[in-house]
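K.L.:
I'd like to ask you about the structure that follows.
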Amino acid sequence: MNLTLKIWRQKGANDKGRMVDYKVTDISEHMSFLEMMDVLNEQLINRGEEPVAFDHDCREGICGMCSMYINGEAHGPDRGVTTCQLHMRMFKDGDTITIEPWRAAAFPVIKDLVVDRTSFERIQQAGGYISVNTSGNTTDANSILIPKEDADKAMDAATCIGCGACVATCKNSSAMLFVGAKVSQYALLPQGQVEATERVKNMVAQMDLEGFGNCTNTGACEIECPKGISLENIARMNTEFLKASLKG
Amino acid sequence: MSGLLKSSIGRKFAMALSAFFLMFFLLQHFAINLTSIFPDNGETFNKLSHFMGTNALIQYVMQPVLIFGVVFHFVMGFILEIKNNSARKVKYAKNNGAANSTWMSRNMIFSGAAILAFIVLHFIDFWFPEINTKFIQGDWSGLHDGEFRYFHELQHKFLSPVRVAAYVVAFVFLALHLLHGFNSAFQSVGANNKYTRGLKTFGKVYAIGIPVGFIIIALFHHFNH
């Protein structure tokens with residue numbers, strides 16, 4: 001396949017940035033999207049040009065690092081995949097592909113397609129944890145009975161990889177699917193009850209502080225989430241937050 | 001409870017509560033308007049209108065609550081829109097919103113603005129004259145030439161094809177607003193469970209049925225008078 005790529009190039013956080021056109025040739029439909037980007041970068045390096053900076057790590061859909069907005073969609077046109085799992089067979093020979101970084105005030109661009117997602121980490125640090133007694137008096141986790149449905153829902157919420165596609169795709173740049181998943185993961189389990197009130201209040205406060213937008217329930221985040229995190233988690237977070245607020 | 005409205009979820013919850021109130025108001029408004037097409041020459045409609053227009057609880061409690069609800073819903077809607085726009089300072093060069101969300105959900109601010117424009121027209125048509133008659137002129141009789149005036153006023157307003165067309169367009173926008181807003185309000189208050197699928201179906205019936213009903217009433221009076 002021969003393709004035209006329109007890629008956002010930005011030298012640094014303070015650079016204005018612009019879209020630049022590139023041609024790539026002889027791309028196999030079996031390549032992943034990131035492998036296609038590798039081919040482009042090899043061509044750029046051979047020509048003595050600066051390669052395109054983009055985030056990636058595991059390249060198997062687990063780490064949540066790859067973060068490209070491809071042809072107007074987070075992680076591209078496929079469903080339930082990260083950019084590294086997106087294959088070039090989703091495109092046709094002669095296509096023009098627009099590639100941009102996640103756009104959100106809370107995810108500032110560091111360089112080219114790389115954005116700073118430490119705002120997610122600060123939200124996690126605000127309450128995305130449980131306290132466990134490690135004195136030797138610990139309770140065997142298997143001895144705490146948890147209804148299967150709750151365990152399944154908690155596990156589903158815990159599959160969030162924090163890639164930020166929900167924020168990138170939301171018209172309001174809202175982080176509520178991410179925070180909803182992190183809150184739900186603990187709210188559904190007995191181990192998460194100790195800090196439940198403070199957790200949701202602190203995580204939501206940090207989310208607001210970071211400058212994410214307000215959720216208007218478009219549902220775009222659920223569709224674009226590579227792990228299929230459900231909107232049910234946002235509804236649960238809303239309930240948890242209201243319960244916590246009523247407690248004082 | 002302190003600072004609830006300062007949080008994103010608190011604001012969302014408040015928007016949903018005002019939406020519930022407005023949707024309930026819309027339902028009762030529709031139910032009363034529906035009586036205007038009963039084949040009793042407006043008798044039922046006149047009785048209900050006079051009751052609503054003179055009952056102290058409705059006039060002095062529910063009416064101020066309604067006005068507050070309407071103003072709050074619009075003001076908060078515009079505030080949230082401004083805040084949300086500032087959460088993405090650099091826009092995408094290419095964005096395919098239709099791939100993952102409905103037009104209605106992405107354009108609540110525009111359907112809302114169209115409804116606001118309609119409410120201004122509606123106030124000029126009905127509410128301001130009503131307030132003038134009752135609260136300024138002090139006439140609470142509801143009579144004109146010895147008969148209840150409500151039904152005749154309604155018929156008179158729907159003579160103009162331009163006004164009827166404006167009403168029809170406004171109710172199309174109301175349907176678009178409700179098609180997202182009805183279920184969005186339930187999601188905002190944390191209701192996403194085994195009843196959600198049924199609620200979505202009910203929401204669609206409400207969102208289309210009520211505005212279409214209002215349109216039919218307007219057209220009925222336009223073509224039958």
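Every number in this text was worked out from the coordinates using simple rules, so none of it is lab data. Everything quoted here is computed from the prediction, not taken from an experiment. Because the Cβ atoms are built from the backbone with ideal geometry, glycine has one as well, and the counts that use them run over all protein chains shown.
K.L.:
When you count, for each residue, the other Cβ atoms within 10 Å and take the mean per peptide, how do A:219-225, A:241-247 rank with the highest first?
P.N.:
A:219-225, A:241-247
K.L.:
Write out the trypsin sites (Lys or Arg not before Pro) in the range B:131-200 meeting two conditions: DSSP loop, and at most 15 other Cβ atoms within 10 Å of their Cβ.
P.N.:
When the trypsin sites (Lys or Arg not before Pro) of the range B:131-200 are filtered for loop state and at most 15 Cβ neighbours within 10 Å, B:Lys194 remain.
K.L.:
Highest first, please rank the peptides B:40-49, A:131-140 by the mean number of other Cβ atoms sitting within 10 Å of their residues.
P.N.:
Output ranking for B:40-49, A:131-140: B:40-49, A:131-140.
K.L.:
Now for a different question. Of A:Met203, A:Met237, A:Met19, which is the most mobile in a GNM of chain A whose springs link Cα atoms less than 10 angstrom apart?
P.N.:
Checking each option, the largest mean-square fluctuation is seen for A:Met19.
K.L.:
Do the sum for chain A: with -39,500 (n - 2.57) for every DSSP H run of n ≥ 4, divided by all residues, what is the mean residue ellipticity at 222 nm, to the nearest 500 deg cm²/dmol?
P.N.:
-10500 deg cm²/dmol
K.L.:
Continuing with the same structure: Counting only other chains, what is the mean number of Cβ atoms within 10 angstrom of the Cβ of each residue in peptide B:95-108?
P.N.:
Rounded to a whole number, the mean comes out at 6.
K.L.:
Tell me, what is the FRET efficiency for A:Asp21 and A:Thr159 to the nearest 0.05, using R0 = 35 angstrom and their Cβ-Cβ distance as r?
P.N.:
Calculated transfer efficiency: 0.40.
K.L.:
Other chains' Cβ within 10 Å of B:11-21 residues: what's the mean?
P.N.:
Taking the mean over all residues of the peptide, I get 2.
K.L.:
Continuing with this model, one more query. Starting from the Cα-Cα distance between B:Lys94 and B:Ala113, subtract it from 0.36 nm times their residue separation and give me the gain in nm to one decimal.
P.N.:
Residue separation times 0.36 nm, minus the Cα-Cα distance, leaves 4.3 nm.
K.L.:
Could you check the simple spin-label distance between B:Arg163 and A:Asn2, using points 7 Å along Cα→Cβ, in nm with one decimal?
P.N.:
Going by the 7 Å Cα→Cβ label model, 6.6 nm.
K.L.:
In nm, give the distance between the simple-model label positions of A:Asp150 and A:Asp93, each being 7 Å from the Cα along the Cα-to-Cβ direction.
P.N.:
Distance between label points: 5.8 nm.
K.L.:
Can you give me the C-alpha center-to-center distance between the range A:193-235 and the range B:148-180, rounded to a whole angstrom?
P.N.:
Between the Cα centres of the range A:193-235 and the range B:148-180 lies a distance of 40 Å.
K.L.:
Using per-residue counts of other Cβ atoms within 10 Å, averaged over each peptide, order A:102-109, A:85-92, A:174-181 from highest down.
P.N.:
A:174-181, A:102-109, A:85-92
K.L.:
Determine the sum of side-chain charges near A:Tyr22: Lys and Arg each +1, Asp and Glu each -1, restricted to other residues whose C-beta is under 10 angstrom from that of A:Tyr22.
P.N.:
Value of the local net charge: +1.
K.L.:
Return the average number of partner chain Cβ atoms within 10 angstrom of each residue Cβ along peptide A:220-229.
P.N.:
Across A:220-229, the average partner-chain Cβ count within 10 Å equals 2.
K.L.:
In addition: Looking at the range B:162-225, which chymotrypsin sites (Phe, Trp or Tyr not before Pro) are in a loop (DSSP not H, G, I, E or B) and have at most 11 other Cβ atoms within 10 Å?
P.N.:
Passing sites in the range B:162-225 are B:Tyr195.
K.L.:
Net charge around A:Ile62, counting only other residues with Cβ within less than 15 Å of its Cβ (Lys, Arg = +1; Asp, Glu = -1)?
P.N.:
-1
K.L.:
Lysines within cross-link reach of B:Lys89: Cα-Cα under 24 Å, excluding same-chain residues under 8 positions apart?
P.N.:
A:Lys6, A:Lys11, A:Lys16, A:Lys111, A:Lys171, B:Lys6, B:Lys12
K.L.:
Please report the net charge: other residues with Cβ closer than 9 Å to the Cβ of A:Gln85, K and R +1, D and E -1.
P.N.:
So the environment of A:Gln85 carries a net charge of -1.
K.L.:
Could you tell me how far the Cα centroid of the range A:1-46 sits from the Cα centroid of the range B:194-225, in Å?
P.N.:
51
K.L.:
Using only helices, what value at 222 nm comes out for chain B when you add -39,500 (n - 2.57) per DSSP H run of length 4 or more and divide by the total residues, to the nearest 500 deg cm²/dmol?
P.N.:
Estimated from H runs of four or more residues: -22500 deg cm²/dmol.
K.L.:
Taking 7 Å along the Cα-to-C-beta vector as the label spot, tell me the A:Asn41-B:Thr102 distance in nanometres, rounded to one decimal.
P.N.:
Going from the A:Asn41 label point to the B:Thr102 one covers 4.2 nm.
K.L.:
Right, here's the next one. Between B:Thr201 and B:Leu27, 0.36 nm times their residue separation minus their Cα-Cα distance comes to what?
P.N.:
60.9 nm
K.L.:
Now a separate question. Between the range B:29-67 and the range A:106-158, how far is it from one alpha carbon centroid to the other, in angstrom?
P.N.:
Comparing the Cα centres of the range B:29-67 and the range A:106-158, I get a distance of 54 Å.
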